[in-house]
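Data first, discussion second: the structure below is written as structure tokens.
The values are calculated or read from the model by the stated rules, or taken from the named source; none is laboratory data. This one's a predicted model, so the numbers in the text were calculated from it and none came from an experiment. For neighbour counting, all protein chains shown are included, and Cβ atoms are generated from backbone atoms with ideal geometry for every residue, glycine included. When the accessible area is computed, the model is the full protein with side chains, heavy atoms only, and any ligands, DNA or RNA have been set aside. Shrake-Rupley method; radii C 1.70, N 1.55, O 1.52, S 1.80 Å.
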There are 2 protein chains.
Amino acid sequence: EEAAVRAQAETVRRLKQDKADPDEIAKEVAKLLDMKAQLGADEGKHKFVLKTPKGTRDFGPKEMAIRERAFKAIISCFRRHGAEVIDTPVFELKETLTGKYGEDSKLIYDLKDQGGELLSLRYDLTVPFARYLAMNKITNIKRYHIAKVYRRDNPAMTRGRYREFYQCDFDIAGQFDPMIPDAECLKIVHEILSDLQLGDFVIKVNDRRILDGMFAVCGVPDSKFRTICSSVDKLDKVPWEEVRGEMVGEKGLSPEAADRIGEYVQLHGGLDLIERLLQDPQLSQNKQAREGLGDMKLLFEYLTLFGITGKISFDLSLARGLDYYTGVIFEAVLLQQEKEHGEEPVSVGSVAGGGRYDGLVGMFDPKGRKVPCVGVSIGIERIFSILEQRLEASEEKIRTTETQVLVASAQKKLLEERLRLISELWDAGIKAEILYKKNPKLLNQLQYCEDTGIPLVAIVGEQELKDGVVKLRIVATREEGLPVAWENLVEEIRIRTSQC
Amino acid sequence: EEAAVRAQAETVRRLKQDKADPDEIAKEVAKLLDMKAQLGADEGKHKFVLKTPKGTRDFGPKEMAIRERAFKAIISCFRRHGAEVIDTPVFELKETLTGKYGEDSKLIYDLKDQGGELLSLRYDLTVPFARYLAMNKITNIKRYHIAKVYRRDNPAMTRGRYREFYQCDFDIAGQFDPMIPDAECLKIVHEILSDLQLGDFVIKVNDRRILDGMFAVCGVPDSKFRTICSSVDKLDKVPWEEVRGEMVGEKGLSPEAADRIGEYVQLHGGLDLIERLLQDPQLSQNKQAREGLGDMKLLFEYLTLFGITGKISFDLSLARGLDYYTGVIFEAVLLQQEKEHGEEPVSVGSVAGGGRYDGLVGMFDPKGRKVPCVGVSIGIERIFSILEQRLEASEEKIRTTETQVLVASAQKKLLEERLRLISELWDAGIKAEILYKKNPKLLNQLQYCEDTGIPLVAIVGEQELKDGVVKLRIVATREEGLPVAWENLVEEIRIRTSQC
């Protein structure tokens, strides 16, 4: 076994030397770590491998600061659109998730049977949302939900693809007039991607009914609609020839049907394309396709009023993997930037996606009562990757604490006075720290402020104590002004920190 | 089997009729649901039980509003004390958790072995924090972490005890002068419980070294320290006689040793008790106890400077269940309020706890390098229960959205104008909604504002469109001032919402 580990280590070394695809390197490194962990477990505790599980990561203070910035932008958009917020458990009854994800079901994490119910980690936030609506008989809600979901997928961490990752979901449930909530979801994607300044993007739009109509007129048998749809979904990653091969080879579609699909899925455009397809001799004969195209036209009218059609592309190759969509589907893709000098290109794909799923809630309701839903999910991990990398490139120093003032001492034996003063500041709501030393050197205290970005130091000294005052020093400029009386200190700190 | 379900249903009915202990009812209801689920699973999909897993719950918009209020108070306290924030994955390698929790290890949730690493859901945030420090070779950090943890415990949901629940942890890691960080942790608990206005509370304090010294002088063999400590930990739930029985019966302690422990664990007090025990003929001979008592004295000096000793009780019966504590331990308990008229008493116990764990990081370091740590965990679920119940009693109406204005129409056929106007408002950062109807009635639009607490309505009408103005109505007073020009609307909404 040790020989196997050494061989694997050599593989990794060679890939790195050859500057291979980072994802491939990551895959082989993960394999190596797994093998080492296995070996360590066999040899007892001392070979214990210190790592997070495959496909997961810690967020340190700096990463958290970036993450919270992104969340703030996203939440404030959801709030701007009048959403409430809910939360559900991280696991569901296994049967709640069964039959909702089609071919992706194999990626669900199950919990061990330790007696009691059989549980699985949630795979997305949409199915738990539908379960929540059915269980509480809610027929009308606009909510967001930001939480981690779990997929036993092959991680590609350099591209921001993890096994544990956040989804930021916004959904509108209820019986409404056509395409108004759908248009709002697209407006939200547009607002968030613009606000986060991630560069140019396009939001691809299609409709499951148009896809199904297209499959029908191309001669795909009904029973193969979903599986052929899964094949089309791969078009953003692999070329048409390969997808065609899968359709004809693995899935037993006739070559003629595949070729007819091949012609449709090349099409993308705007209102003009919708109009053209409404005249298409085959498609226009299909009820599903006609309905889908009619609604697509209405959607584009609303998007025109929102002034965002410039970034929207009606794209017949967009299929979306999940089984539960019934109407409009969409996906936002960042467009690759020109490489700037010294900046590594981040390869990202889809950063948001969603659609209409009118049947999902009904699957949970004992009487099958439907609640129409449409929603969007922002894929925050890929956005983090970009923001993180941009921050690194910019050399902007990001603060990870909010401390306004360090309570310091100029001489020894002043711990008691520092504790008394900082206690007063905390009670007044001032963000304050001290060094946890009895007799810290003034220089060390000032250095701590420089390192962590604390803007002010309140310096306690023997003479100042006698006079009932404190020196308040601005770290950046080293200015000190006149000593401040203890009773005025809180006010003075407030004024100075609102300025600097 | 169906007969068994019916019998169980009858049991539940009877308990409810007899107004039995709510926890007992909850237990039997859970059992009933489990039985039904079992039966349903046997009979196929149609008997599917719509529920969240045992010991978990959803948070609807109202509960989330309460939860976010509490989080805000807690985070702002952590931030005030200069903490950074981190996050770790929801699961860890199984071996990361092994050997850290003593008798509680049986409550850990394991994931199913689906190939690859063996994983477990985190049981607390402390062990993942220690793993994070060791893995990243961090020797100095002050951080908070708010996240869900998982325990396969017997849920008592009416008392706020769940299988999935939030912990809010604040920890200080690093080599510092004694008791300064420890005192800050207690100050934080004091600030948070005061800020949340949960009523009177007491923070019990003890030290593992004092406990170990006490066990030694009482004649407990070294090998039994941890298990006897677990018994003492039960004293807040069961009477001494029962704990003594466990010590002597199950754990094989001599009756004399148990009785000597029984005398010590009755003691609680302040500085006076510390002084007395420092003079105790037995304890003062024990090195561990002497060190613990010396540090306890220092701690009380610092807490005096912070002005919080009024709520602190040095209590020799406090033991804390977890294995990893090495020094100071503490636990905050809410004191039962007098029942006010019409208010059901919520029985809550510990709402915060923590202590010093100087050895935990070393367990992860390949060379055993130690990083001293002290921290506190706020048990938010019990706090929720109280806040939730108080809100219900107060009849305060809590808003679950932040919408400032509803864009409404006075006549039919104005959807396009509503969409154009709301798009402008969103782009200007105004929180706005419309009803998703082509032609909603004005009355329904006004009613929606009343129901959801939206303070303003911007009404688009045919005449106003011609004049380039909008009516802006205050929902509460039904006042309508002069029509506002489109270009002034954003400013006007900002002014009015800052007032109401």
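Some observations on this one:
- Put the Cα centre of segment A:428-479 next to the Cα centre of segment B:373-431 and the gap is 41 Å.
- Ranked order, B:Asp110, A:Asp177 - accessible area, probe 1.4 Å, largest first: A:Asp177, B:Asp110
- List of segment A:168-183 residues, accessible area with partners at least 40 Å² below that of the chain alone (1.4 Å probe): A:Phe176, A:Asp177, A:Ile180
- Set against the 2.2 N^0.38 Å expectation for a compact globular protein, segment A:377-446 has a Cα radius of gyration ratio of 1.68.
- Its alpha carbons considered, segment B:242-385 gives a radius of gyration followed by a Dmax of 18.3, 61 Å.
- If both residues of a DSSP beta bridge must be in the protein assembly as shown, then about 80% of such bridges are antiparallel.
- Of the listed residues B:Met247, B:Met35, the order by accessible area with a 1.4 Å probe, largest first, is B:Met35, B:Met247.
- Angstrom value of the Kirkwood radius, inverse mean 1/r, which spans all Cα pairs in the protein assembly as shown: 31.9
- Debye log10 I(q)/I(0) at q = 0.19, 0.20, 0.28 Å⁻¹ for segment A:456-495, Cα point scatterers: -0.48, -0.53, -0.97
- Entries in A:Lys466/B:Lys297; A:Lys62/B:Lys142; A:Lys438/B:Lys142; A:Lys100/B:Lys54; A:Lys237/A:Lys287; A:Lys106/A:Lys237 that, when Cα-Cα distance is taken, lie over 24 Å: A:Lys466/B:Lys297; A:Lys237/A:Lys287
- Amide proton proximity set for A:Val460, modelled H, under 5 Å, gap of 5+: A:Ala408, A:Ser409, A:Ala410
- Mean Kyte hydropathy of -1.0 or more with a Cα span along the axis of at least 24 Å, helices from DSSP in chain A: A:22-43, A:61-80, A:287-305
- Size check on segment A:61-393: the Cα extents along the three principal axes, sorted descending, read 58, 58, 41 Å.
- Buried area at the A-B interface (accessible, heavy atoms, 1.4 Å probe, summed, Å²): 8500
- Global size of segment A:95-206: 16.8, 51 Å for Rg and Dmax (C-alpha atoms, Rg to one decimal, Dmax whole).
- Alpha-carbon centroids, segment A:186-261 and segment B:131-187: separation in whole Å: 47
- Square roots of 5 times each gyration tensor eigenvalue, C-alpha, segment A:158-219, largest first, Å: 27, 19, 14
- Cut-off under 5 Å, modelled amide H: who pairs with A:Ala428 long-range: none
- Sorted into 10 angstrom bins from 0, the C-alpha pair distances of segment B:405-499 split as 17, 56, 26, 0 percent.
- Probe 1.4 Å - accessible area at B:Glu450, Å² to nearest ten: 90
- Size-normalised alpha-carbon gyration radius of segment A:1-105, reference 2.2 N^0.38 Å: 1.60
- Quarter of the Cα convex hull surface for segment B:277-328, i.e. its orientation-mean projected area (nm²): 4.4
- Accessible surface, 1.4 Å probe, highest first, among residues B:Phe91, B:Phe225: B:Phe225, B:Phe91
- Beta bridges per DSSP with both ends in segment B:405-499, % antiparallel, nearest 5: 45
- Size of electric dipole in segment B:361-500: Cβ of Lys, Arg +1 and of Asp, Glu -1, about Cα centre, debye, nearest 20: 480
- The calculated FRET efficiency for A:Glu396 paired with B:Glu263, based on their beta-carbon distance and R0 = 51 Å, is about 0.25.
- Cross-link reach list, lysines versus B:Lys441, counting only Cα pairs under 19 Å and skipping chain neighbours closer than eight places: B:Lys412, B:Lys413, B:Lys471
- DSSP beta bridges confined to chain A are antiparallel in about 80 percent of cases.
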